[in-house]
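Notes follow the structure.
What follows draws every value from the coordinates through simple rules; no lab data is involved. A quick note: this is a predicted structure, and the numbers were derived from the prediction, not measured. Counting neighbours? That spans all protein chains shown, and the Cβs are built from the backbone with ideal geometry, glycine included.
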Amino acid sequence: AQKVTQAQTEISVVEKEDVTLDCVYETRDTTYYLFWYKQPPSGELVFLIRRNSFDEQNEISGRYSWNFQKSTSSFNFTITASQVVDSAVYFCALSGPRDDKIIFGKGTRLHILP
Amino acid sequence: IAGITQAPTSQILAAGRRMTLRCTQDMRHNAMYWYRQDLGLGLRLIHYSNTAGTTGKGEVPDGYSVSRANTDDFPLTLASAVPSQTSVYFCASGLGAGYNEQFFGPGTRLTVL
């Protein structure tokens, strides 16, 4: 069975600090896809990134970076020099090669304090 | 471009009443999904549709029904609402298959009293 665990329920950091959101997944598929979504206070979920299991290169997009480690079944998300606008709930998600649907973790609520 | 629209934005409903949540997308996506979001439980899939004319059950389908008469619309019906269905409901769409990201609507906040 597929499962996504986001052990950090809530995190608070002071603005400009770096913060890492953890995501651990379980799957029996050899091909799978990992996602991160952001849900700001406005409520609408926003797609951030998709990663294929056969591509272990880490990804950087501005202040955001993602560390994919198959050996530990983790797909962690780091925000560098955090800003108040980064305050949101972040969801990690997983799907398989034939899946019609995505399995979401329970989310991590991130507070960036000014 | 509207993307995905949901109606109503919020609703208070008496238990036992029937309610349909509307969802429309203009991206011509094959697949559509309904999720509910509850505190501490994250997003849980209720029903999905891979293409017009087909639907499937998600993780928490009981008490809900869906239809997919065309590509754009995917209404979610609560035949007889119960208080445990109080939640925020999100509709999403995508190209289908697991490797494609989903795009979400703004959500409907439903309170069943």
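If we keep just the residues of the stretch B:64-113 that are buried (at least 19 other Cβ atoms within 10 Å of the Cβ) and aliphatic (A, V, I, L, M), which is nearest to the other protein chains (Cβ to nearest Cβ)? Once the filter is applied, the top-ranked residue is B:ALA92.
Exactly one residue out of B:MET32, B:MET19, B:MET27 is of a type in the set (A, V, I, L, M) and over 17 Å from B:GLY107 (Cα atoms), and it is B:MET27. The condition of being assigned to a strand (DSSP E or B), at negative phi and touching a Lys or Arg at 6+ places or on another chain (Cβ under 9 Å) holds for only one of B:THR111, B:THR77, that being B:THR77.
Cβ-Cβ distances below 7 Å connect no pair with a first residue in the stretch B:34-57 that is at the interface with another protein chain (Cβ under 10 Å from one of its Cβ atoms) and at positive phi, a second residue that is assigned to a loop (DSSP other than H, G, I, E, B) and hydroxyl-bearing (Ser, Thr, Tyr), and a separation of six or more residues or different chains. Would you check which residues across the stretch A:70-99 are within 14 Å of chain B (Cβ to nearest Cβ), in contact with a strand residue (DSSP E or B) (Cβ under 6 Å, 6 or more places away or on another chain) and either under 22 Å from A:GLU56 (Cβ atoms) or assigned to a loop (DSSP other than H, G, I, E, B) (or both) and list them? Hits for the stretch A:70-99 are A:TYR90, A:PHE91, A:CYS92, A:ALA93, A:LEU94, A:SER95.
The rows are residues; the columns are (1) away from chain B (no Cβ under 14 Å); (2) in a strand (DSSP E or B); (3) not acidic (Asp, Glu).
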site: A:GLN8; (1), (2), (3): no, no, yes
site: A:GLU17; (1), (2), (3): yes, no, no
site: A:THR20; (1), (2), (3): yes, yes, yes
site: A:ASP29; (1), (2), (3): no, no, no
site: A:TRP36; (1), (2), (3): no, yes, yes
site: A:GLY43; (1), (2), (3): no, no, yes
site: A:PHE54; (1), (2), (3): no, no, yes
site: A:ILE60; (1), (2), (3): yes, yes, yes
site: A:PHE68; (1), (2), (3): yes, yes, yes
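Note on the stretch A:41-87: among residues that are on the phi > 0 side of the Ramachandran plot and in contact (Cβ under 8 Å) with a residue 24 or more places away in the chain, the one that is surrounded by the most Cβ atoms within 10 Å (Cβ to Cβ) is A:SER73. Right, B:THR24: among the β-branched types (Val, Ile, Thr) and within 11 Å of chain A (Cβ to nearest Cβ) or not? In short, no. A count restricted to the stretch B:7-25 and to residues that are more than 16 Å from B:GLY63 (Cα to Cα) and among the small types (Gly, Ala, Ser) stands at 2. On the stretch given as the stretch A:100-114, residues that are buried (at least 16 other Cβ atoms within 10 Å of the Cβ) and either away from every other protein chain (no Cβ under 14 Å) or in a loop (DSSP other than H, G, I, E, B) (or both) total 8.
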